[in-house]
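**Student:** Could you have a look at this structure, given as structure tokens, before my questions?
The values are calculated or read from the model by the stated rules, or taken from the named source; none is laboratory data. Quantities reported herein were computed from a predicted structural model and do not represent experimental measurements. As a convention, Cβ positions derive from the backbone with ideal geometry for all residues, glycine included, and neighbour counts pool all protein chains shown.
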């Protein structure tokens with residue numbers, strides 16, 4: 001496990017531009033670094049340890065007084081300290097969602113063996129796609145209230161750059177030096193998956209050698225939690241916060257909002273090997289589809305999810321028979337969970353019960369735009385360690401789960417070569433990643 005989550009110290013080595021092979025094939029893309037900040041821990045290792053132990057990161061909200069809300073619980077990041085990447089002045093000028101992303105990006109760069117600051121050809125051939133579902137809503141809500149109470153003249157001059165969704169990617173570049181393609185993906189809860197997939201495509205088409213990709217979210221705002229509560233999307237199991245997030249369980253009553261960040265360093269295989277970096281896993285497929293159905297509910301039967309996964313497998317040159325694990329989107333909502341289960345049954349048919357399904361949100365809550373990236377990291381660690389994290393709080397499975405292995409409550413040992421990581425968002429936006437064990 002140590003090599004999975006500690007920094008790789010190889011030197012940057014010679015830089016070579018990624019090119020499309022003479023036979024027209026795109027470069028292989030590997031993961032060389034990972035960073036995560038979640039309610040289970042402030043790095044990948046502590047997050048992973050918490051998942052394998054089946055520990056919940058959910059508790060009563062502490063970042064603001066939640067007493068006016070029907071939902072008073074969340075999966076908050078505890079004891080977060082961004083001082084390793086931002087001084088006090090810059091902390092005041094960057095929303096929490098940006099700070100979380102910076103820390104996760106630094107971790108990923110360190111494990112990938114990248115320098116503290118990129119320069120020259122390395123900087124020019126490194127890009128960033130880090131998205132968010134909500135962006136700087138903490139800052140925005142505070143400043144709108146200030147404007148109403150004391151007038152626009154009292155608003156911060158940093159309110160706009162602190163609030164807009166592309167700033168996490170931009171600030172990562174400003175602080176760490178990447179000068180390649182740089183933008184944000186915003187597709188609600190599919191954001192993290194889309195960001196990784198689009199970064200994968202960016203390398204495959206030769207526009208970068210390295211991409212930092214993932215998602216970030218901060219949720220310490222009464223307005224944000226109140227908005228989801230008004231939709232009746234959130235669990236109100238306030239007296240049992242650790243048991244509130246219960247994907248696939250018949251007693252689920254909504255999702256638990258969470259915060260955090262996940263960032264992966266993706267790299268062309270040629271470039272990674274040339275500089276002595278150690279591949280952790282290989283991203284081999286990516287699918288993106290739209291339900292074109294409803295603003296919040298998934299399409300009947302999970303049809304959009306089915307098409308996204310099939311497209312990802314098609315790009316990977318694999319079939320459903322090659323997949324051993326699905327890291328499910330599984331938010332713990334009454335409507336969303338059964339439709340994803342229907343999609344899994346449709347995809348895998350008679351062998352659906354042979355596929356291990358896991359729901360990380362049972363432990364870290366729903367981290368919105370960060371979810372797909374954090375779950376991709378967990379998927380990679382499952383492949384590397386042969387451990388499938390549990391779906392905790394699964395006591396009475398939904399009838400739609402009949403015949404499926406949802407990894408209830410206790411982690412399982414299983415050798416995994418190929419896994420799928422699902423992410424779906426409001427608006428009917430779907431992403432699927434296919435990740436494979438690294439082999440020469």
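Here is a yes/no grid of residues against (1) over 22 Å from residue 84 (Cα atoms); (2) in contact with a strand residue (DSSP E or B) (Cβ under 7 Å, 6 or more places away or on another chain); (3) outside the structural domain of residue 426 (by TED's automatic domain parsing):
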| site | (1), (2), (3) |
| --- | --- |
| 136 | no, no, yes |
| 143 | yes, no, yes |
| 153 | yes, no, yes |
| 162 | no, no, yes |
| 173 | no, yes, yes |
| 194 | yes, yes, yes |
| 204 | yes, yes, yes |
| 210 | yes, yes, yes |
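**Student:** Could you give me the residue pairs with C-beta distances under 6 Å whose first residue belongs to region 257-283 and is farther than 23 Å from residue 193 by Cα and not assigned by TED's automatic domain parsing to the domain that holds residue 333, whose second residue is at pLDDT 95 or above and part of a strand (DSSP E or B) wherever it lies, and which are 6+ apart or on separate chains?
**Tutor:** 277/32
**Student:** Going by the conditions given, is residue 36 more than 19 Å from residue 180 (Cβ to Cβ), over 16 Å from the mean Cα position of the chain (by Cα), assigned to a strand (DSSP E or B) and at pLDDT 95 or above?
**Tutor:** Numbers: more than 19 Å from residue 180 (Cβ to Cβ): yes; over 16 Å from the mean Cα position of the chain (by Cα): no; assigned to a strand (DSSP E or B): yes; at pLDDT 95 or above: yes.
Criteria not met by residue 36.
**Student:** Given the options 264, 269, name the one that is surrounded by fewer than 21 Cβ atoms within 10 Å (Cβ to Cβ) and more than 17 Å from residue 337 (Cβ to Cβ). Before the answer, list the steps.
**Tutor:** Numbers: 264 fails: surrounded by fewer than 21 Cβ atoms within 10 Å (Cβ to Cβ).
Exactly one residue qualifies, and that residue is 269.
**Student:** Residue 215 passes all but one of (1) touching a strand residue (DSSP E or B) at 6+ places or on another chain (Cβ under 9 Å); (2) surrounded by fewer than 24 Cβ atoms within 10 Å (Cβ to Cβ); (3) within 20 Å of residue 260 (Cα to Cα); which number fails?
**Tutor:** Condition not satisfied by residue 215: (2).
**Student:** To continue, here is another question. So which of 341, 368, 297 ends up being surrounded by fewer than 19 Cβ atoms within 10 Å (Cβ to Cβ) and within 30 Å of residue 59 (Cα to Cα)?
**Tutor:** Working: 341 fails: surrounded by fewer than 19 Cβ atoms within 10 Å (Cβ to Cβ); 368 fails: surrounded by fewer than 19 Cβ atoms within 10 Å (Cβ to Cβ).
That would be 297, the only listed residue that is surrounded by fewer than 19 Cβ atoms within 10 Å (Cβ to Cβ) and within 30 Å of residue 59 (Cα to Cα).
**Student:** When residues of region 38-61 are filtered for being in contact with a helix residue (DSSP H, G or I) (Cβ under 6 Å, 6 or more places away or on another chain) and without any contact (Cβ under 8 Å) to a residue 60 or more places away in the chain, how many remain?
**Tutor:** Number satisfying all stated conditions: 2.
**Student:** Could you tell me which residue of region 39-62 is surrounded by the fewest Cβ atoms within 10 Å (Cβ to Cβ), considering only residues that are farther than 19 Å from residue 374 by Cα and touching a strand residue (DSSP E or B) at 6+ places or on another chain (Cβ under 8 Å)? Full working, then the answer.
**Tutor:** So the first thing to find is which residues in region 39-62 are farther than 19 Å from residue 374 by Cα, and the list is 59-62.
Now drop any that are not touching a strand residue (DSSP E or B) at 6+ places or on another chain (Cβ under 8 Å), which leaves 59-61.
Details: 59: 17, 60: 12, 61: 22.
Across region 39-62, the extreme among qualifying residues is 60.
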